[in-house]
Ligand code: HGY
Ligand code: MN
Ligand code: MN
Ligand code: MN
């Protein structure tokens, strides 16, 4: 007989971890780089294969599956009170170049398995439970992070930007989406906005992507806040010229301007007065890229974050001042300084935090209340629904590289936490 979720006994939760590990391996095979690395870029052929695989797993779990016009995928277990706002969970399956098998994946495959875990009990959820696979959480192809969740959360600015943004091969977002089979037109972009009351709550399961839980031997992290990310693209232009013939005093080397700015990014982050401020230059491209040609163009992409938004914004401004100063000093042109995104942090819902704390106690799992220094789709879902995140430890905190790893026991704990949290939320 169906019963209220609160009486689910933790011992009735059984995770098919062998099956889940097979799925993780299978999904990692849809990659544009050789194992053990994973590269899966938005709307690529491998991304389309991976999407098809996720939809098949959702269907096998008995979920009703739908996709929106940019490929956010929704798998819903209809609850007994289907008209009520649902409890949602989910994450992403796109993978930055040469990365690992677990970032995002745990929150999609693990979420589908959490549904299967609950279906193995006699639970009939009151509120529907929905698994969301967000299109493109990583900024790799179009430089826009959390593209799917940012749009679902109602970003007019993004809906506008997507009409003209192009990737490194000058392919537009709309063309790329159509290549992947999404019959998308410009007016569709705002039609996918979710409403504030579409969901009762959103919970994401994710690897920590840091070493704290593993170092402290604590199996579960309950996220209290997600740090505020910003990204900036900068172009410098100089005269370039022959590496042998142009003497040093008469050079205006765009590459050295970029190098000096990269060091300035590090300095501003280090001098912010807090360890919570980080700054990274992960992309630095020189044109023409020949050993004996002085770079006439340099393109750099800067990622800076902080849990304190004000402090993060000060660093963004300092980076801007440094770019202007360096360009003047070196006689190069600062042809672009574009803040691509400058997002506020997100706070987790206290109600969801305490629901998670109850679940951890029911499962007899110790937990850490902690901030997420990585951003996630939860950062944007928090704009339209109460949000919470569950972390599991990952090997040495490694992420965004092929050594990324989460052990079966940690994955089992995370899936049980997610299942119990969703079951409890759906009965609210
Ligand atoms: O960069 C991030 O924080 C996320 O892992 N994409
Ligand atoms: Mn029962
Ligand atoms: Mn990532
Ligand atoms: Mn991620």
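Side notes on the structure shown:
- Selection within segment 78-116 - under 17 Å from residue 16 (Cβ atoms) and away from ligand 3 (no atom under 16 Å from the Cβ): 111, 112, 113, 114, 115, 116
Every residue, every condition in (1) touching a helix residue (DSSP H, G or I) at 6+ places or on another chain (Cβ under 7 Å); (2) assigned to a loop (DSSP other than H, G, I, E, B); (3) under 30 Å from residue 302 (Cβ atoms), yes or no:
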{"site": "336", "(1), (2), (3)": "no, no, yes"}
{"site": "344", "(1), (2), (3)": "yes, yes, yes"}
{"site": "351", "(1), (2), (3)": "no, no, no"}
{"site": "361", "(1), (2), (3)": "no, no, no"}
{"site": "371", "(1), (2), (3)": "no, no, yes"}
{"site": "379", "(1), (2), (3)": "no, no, yes"}
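- Selected residue (only one of 376, 400 is within 12 Å of ligand 1 (Cβ to nearest atom), touching a residue at least 12 places away in the same chain (Cβ under 8 Å) and at positive phi): 400
- Among residues of segment 92-106 that are farther than 14 Å from residue 206 by Cα, none has a Cβ under 7 angstrom from a residue that is more than 10 Å from ligand 4 (Cβ to nearest atom) and modelled with pLDDT under 95 at a sequence gap of 6+ or on a separate chain.
- Checking each residue in segment 90-100 for being over 11 Å from the mean Cα position of the chain (by Cα) and either surrounded by fewer than 24 Cβ atoms within 10 Å (Cβ to Cβ) or within 10 Å of ligand 4 (Cβ to nearest atom) (or both) picks out 97, 98, 99.
- The one condition in (1) surrounded by fewer than 16 Cβ atoms within 10 Å (Cβ to Cβ); (2) over 27 Å from the mean Cα position of the chain (by Cα) that residue 266 fails to fulfil: (2)
- Filter result (under 10 Å from residue 225 (Cα atoms) and either away from ligand 4 (no atom under 11 Å from the Cβ) or surrounded by fewer than 24 Cβ atoms within 10 Å (Cβ to Cβ) (or both)) within segment 365-374: 369, 370, 371, 373
- Remark: residue 119 falls outside the filter, which requires a residue to be over 19 Å from the mean Cα position of the chain (by Cα), modelled with pLDDT of 95 or more and either under 19 Å from residue 389 (Cα atoms) or buried (at least 19 other Cβ atoms within 10 Å of the Cβ) (or both).
- Subset of segment 382-417 that is within 16 Å of ligand 3 (Cβ to nearest atom) and not in a loop (DSSP other than H, G, I, E, B) - its residue that is nearest to residue 28 (Cα to Cα): 395
- Segment 197-218, residues that are assigned to a strand (DSSP E or B) and under 22 Å from residue 156 (Cα atoms): 199, 202
- Extreme residue, farthest from ligand 2 (Cβ to nearest atom), among residues of segment 86-105 that are outside any loop (DSSP other than H, G, I, E, B) and under 23 Å from residue 417 (Cα atoms): 92
- Residue among 381, 417, 356, 422 that alone is over 30 Å from residue 240 (Cβ atoms), in contact (Cβ under 8 Å) with a residue 40 or more places away in the chain, buried (at least 19 other Cβ atoms within 10 Å of the Cβ) and within 16 Å of ligand 4 (Cβ to nearest atom): 381
- Out of 74, 134, 142, sole residue that is closer than 30 Å to residue 283 by Cβ, touching a strand residue (DSSP E or B) at 6+ places or on another chain (Cβ under 9 Å) and more than 16 Å from ligand 4 (Cβ to nearest atom): 142
- Residues (within 19 Å of the chain's Cα centre (by Cα), farther than 22 Å from residue 237 by Cβ and touching a residue at least 40 places away in the same chain (Cβ under 8 Å)) located in segment 277-308: 278, 279, 303, 304, 305, 306, 307
- Any hit, segment 64-71, residues being within 16 Å of ligand 3 (Cβ to nearest atom) and at pLDDT 95 or above: no
- Residue pairs meeting the criteria (Cβ under 6 Å; at least 6 apart or on separate chains; first free of Cβ contacts under 8 Å to residues at least 40 places away in the same chain, in segment 13-42; second assigned to a loop (DSSP other than H, G, I, E, B)): none
- Hits in segment 169-191 - residues which are surrounded by fewer than 18 Cβ atoms within 10 Å (Cβ to Cβ) and farther than 16 Å from residue 47 by Cβ: 170, 172, 183, 185, 186, 187, 188, 190, 191
- Matching option when the condition is away from ligand 4 (no atom under 16 Å from the Cβ), over 22 Å from residue 388 (Cβ atoms) and in a loop (DSSP other than H, G, I, E, B), among 83, 59: 83
The values are calculated or read from the model by the stated rules, or taken from the named source; none is laboratory data. Computed from a prediction, not measured in an experiment: that's the story for all the values here. Here Cβ is always computed from backbone atoms with ideal geometry, including for glycine, and neighbour counts include all displayed protein chains.
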